[in-house]
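Have a look at the structure below before the remarks.
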Amino acid sequence: MLLPSFLTLSLSLITYSPLASASASSSLRITSSNHSFGGVNYPQLQFLTPTHRDATIREIIKSGARVIRLFIRPDAQHPDPEGEIGGFDKSLLDQFDDTLAAIHHLSKGQMKVIIAPHDAHALRGTNDVSCDAYCQKLDGAFLDFYSNEEYRDLYKQRLEVFFTHYPSKNFDGRPWSTLSEVILGVDLQNQPFSGISPIPSGESWLCDIASYLKYSINLDASNIAVISGGVSGAQSISGTENFPDSVFDCGAIDVIGIHGYTPT
């Protein structure tokens, strides 16, 4: 992941005089023993039995990981919390909330999560992700999800229900948008425009959703990062799949997610 502000700072240091550069370097020296971290994707963690879930979390903690990336999406055995557009199953959100609480408790607050509140693969039923309510309504025209204002408003409603309206079962009824003790960041979506590169010219969906999360959902007030989500999928060596201009140009995006896959 890349922090745009860190890149800007790094580039500006190059233009300093040697004396100023040395001074700046000393002031930026990292003294904490926890200055880097690793993590794992675990899309179906919340669907495990509590015993299996907690044992898995303990193993991840033992590995030294400090972040788990969680997904809110359906699979072949489990429905999406938004079973029909605009209709939400609170019991599934409780199940997800239980997982947040287990991660926070078992790690003694040392591990956080990144939440992908939707998966672009669910728009087409690809990559072992089931076709969800949006997919059924789109009926194959999945790019309409990004270009059609109706779908944009429906998706904002989904985000609002998850992060503002749902009262946390385990964190004193607080909305998820305030749980900075356990939530490190929120993806716009997992791999928006997945498989489409370059993304459509003049695309506005990324920054519109980022701004909505940051300022309307108010993640900014809780210091929870807005993350681009790995825009078009796996990053090629010379491509810009994960960092098109619309990502760099958007001030509401805090972290650029880089998705890559190493062949085995």
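Any read-out appearing in this document is the output of simple, stated calculations on the displayed coordinates, not a laboratory observation. As the structure is a prediction and not an experimental result, all values here were calculated from the model. Cβ atoms come from the backbone with ideal geometry, glycine included; neighbour counts cover every protein chain shown.
A few comments on the model shown:
- Test: residue in segment 171-194 that is in contact with a helix residue (DSSP H, G or I) (Cβ under 7 Å, 6 or more places away or on another chain), more than 23 Å from residue 96 (Cβ to Cβ) and either assigned to a loop (DSSP other than H, G, I, E, B) or of a type outside the set (Phe, Trp, Tyr) (or both): yes
- Residue 180 satisfies every condition listed in (1) farther than 22 Å from residue 67 by Cα; (2) surrounded by fewer than 16 Cβ atoms within 10 Å (Cβ to Cβ) except (1).
- Here residue 233 fits the description: more than 23 Å from residue 93 (Cα to Cα), within 14 Å of the chain's Cα centre (by Cα) and surrounded by fewer than 23 Cβ atoms within 10 Å (Cβ to Cβ).
- So residue 80, is it in a helix (DSSP H, G or I) and farther than 20 Å from residue 223 by Cα: no
- Test: residue in segment 102-116 that is touching a residue at least 60 places away in the same chain (Cβ under 8 Å) and either assigned to a helix (DSSP H, G or I) or among the hydroxyl-bearing types (Ser, Thr, Tyr) (or both): yes
- Enumeration of residues in segment 205-221 that are assigned to a helix (DSSP H, G or I), within 24 Å of residue 181 (Cβ to Cβ) and among the polar types (S, T, N, Q): 216
- Filtered by the rule that a residue be buried (at least 19 other Cβ atoms within 10 Å of the Cβ) and of a type in the set (A, V, I, L, M, F, W, C), segment 135-151 gives 135, 142, 145.
- Residue list for segment 222-264, filter: assigned to a helix (DSSP H, G or I) and free of Cβ contacts under 8 Å to residues at least 12 places away in the same chain: 245
- Answer from 132, 94, 128, 98 - the residue that is farther than 26 Å from residue 66 by Cα, acidic (Asp, Glu), surrounded by fewer than 21 Cβ atoms within 10 Å (Cβ to Cβ) and in contact (Cβ under 8 Å) with a residue 24 or more places away in the chain: 128
- Conditions (1) assigned to a loop (DSSP other than H, G, I, E, B); (2) touching a helix residue (DSSP H, G or I) at 6+ places or on another chain (Cβ under 8 Å); (3) polar (S, T, N, Q); number of the one not met by residue 197: (2)
- When the residues of segment 152-167 are filtered to those that are buried (at least 19 other Cβ atoms within 10 Å of the Cβ) and not aliphatic (A, V, I, L, M), the one that is farthest from the chain's Cα centre (by Cα) is 166.
- Looking across segment 55-83 at every residue that is buried (at least 17 other Cβ atoms within 10 Å of the Cβ) and among the acidic types (Asp, Glu), the one that is nearest to residue 129 (Cα to Cα) is identified as 80.
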